[in-house]
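Peer 1: Below: one structure in C-alpha cells.
The values are calculated or read from the model by the stated rules, or taken from the named source; none is laboratory data. Values in this document were obtained by computation on a predicted structure and should not be read as measured data. When we count neighbours, we look across all protein chains shown, and the Cβ atoms used for this are built from the backbone with ideal geometry, even at glycine.
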C-alpha cells in the first residue's frame, strides 16, 4: 500500500465536500476533518517554506511575495489518481489581472510521498461527475508578508484551493465575491493553519485582505494555492 493510500481522506467528509461544491460552489474544511495528520503540514512547512526553496521573481505581484511552483498530471484509475510530473510549469494568461506568460523554476514535489499524498487528497475533492479523466494540478507555494493578493479576481481555471500552512500576525481574511460586485460577499473567513477552502472559479471572484503584523514583528502567511486546470491550460498528449 502506498503512502497516498495510507493517508486516504475520510470518505464521509469527502462526500460532504462533494455535496457542498455541487450546491454552494465552495467548501471549507480542516485537516483534522478530512483525516490528514498535522505532521503532513509540519513536513511541508519545514521542507518547502524556507530560503532554499522559495524565491522572489521580478515584477511579481505583490512585490514582496516569495514563491515556488510545480505542475502535476493526474489520471483516474480506480479509487486513487495516478500522479506524474507535467513537462512544463509556465503560466500563460492566467486570471484577469496578469495577462502574460510567466516562467518559474520547478520545485518537483512527487518525489516526496507526503506531499504526493496531500495532492491526491486535494484532487479527490472534485465531485466525481465533474472530474476530468486526466488533467493537471498546479501547485503554488506562496509566502506573503503584507498584501496577499492585489484585488478580487478569477484565475480562469476549474477549481481553486487555498491551504494555510503557517501564519504570523492577523488579517488575511479570505473572501468569495459574486461575479459582478465587491459588495456581494458570498463567503468571508480567516483561515488558520490547517484550514482548506476549495471553490469553483467560474462561480466567484476571490480575494484576501492584507496581513496585519504583530506588535514589533513582521507578518507572514505560508499557503498552498492550487488549481485544477482546464484542459487547454496544459494540453495533454
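Peer 1: Mind checking which residues of the stretch 111-127 are in a loop (DSSP other than H, G, I, E, B) and within 19 Å of residue 37 (Cα to Cα)?
Peer 2: 112, 125, listed by residue number.
Peer 1: Quick check on my filter: what residues within the stretch 24-44 are under 21 Å from residue 127 (Cβ atoms) and in a helix (DSSP H, G or I)?
Peer 2: Matches in the stretch 24-44: 31, 33, 34.
Peer 1: Give the residues of the stretch 45-85 that are in a loop (DSSP other than H, G, I, E, B) and touching a strand residue (DSSP E or B) at 6+ places or on another chain (Cβ under 6 Å), sorted by residue number.
Peer 2: 49, 53, 54, 56, 65
Okay, residues lined up against (1) loosely packed, with under 12 Cβ neighbours inside 10 Å; (2) closer than 30 Å to residue 179 by Cα; (3) without any contact (Cβ under 8 Å) to a residue 60 or more places away in the chain:
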| residue | (1), (2), (3) |
| --- | --- |
| 12 | yes, no, yes |
| 20 | no, yes, yes |
| 46 | yes, no, yes |
| 61 | no, yes, no |
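Peer 1: Quick check: is even one residue across the stretch 205-224 in contact with a helix residue (DSSP H, G or I) (Cβ under 9 Å, 6 or more places away or on another chain) and over 19 Å from residue 27 (Cβ atoms)?
Peer 2: yes
Peer 1: In the stretch 188-212, what residues are more than 16 Å from residue 62 (Cα to Cα) and either surrounded by fewer than 18 Cβ atoms within 10 Å (Cβ to Cβ) or at pLDDT below 95 (or both)?
Peer 2: 188, 189, 190, 192, 202, 203
Peer 1: Residue check: is residue 94 modelled with pLDDT under 80 and under 18 Å from the mean Cα position of the chain (by Cα)?
Peer 2: Yes; evaluated as a whole, the condition is true for this residue.
Peer 1: Identify, from the list 101, 134, the residue that is more than 18 Å from the chain's Cα centre (by Cα) and at pLDDT 95 or above.
Peer 2: Criteria check complete, one pass: 134.
Peer 1: Now for a separate question. Would you point out the residue of the stretch 167-177, among those that are in a strand (DSSP E or B) and within 16 Å of the chain's Cα centre (by Cα), that is surrounded by the fewest Cβ atoms within 10 Å (Cβ to Cβ)?
Peer 2: Within the stretch 167-177, the match that is surrounded by the fewest Cβ atoms within 10 Å (Cβ to Cβ) is 173.
Peer 1: Looking at (1) at pLDDT 95 or above; (2) surrounded by fewer than 17 Cβ atoms within 10 Å (Cβ to Cβ); (3) more than 16 Å from the chain's Cα centre (by Cα); (4) farther than 18 Å from residue 49 by Cα, can you tell me which one residue 180 breaks?
Peer 2: (1)
Peer 1: When you check residue 164 against the structure, is it in a loop (DSSP other than H, G, I, E, B) and either under 17 Å from residue 123 (Cα atoms) or within 16 Å of the chain's Cα centre (by Cα) (or both), yes or no?
Peer 2: When the stated conditions are applied, residue 164 does not pass them.
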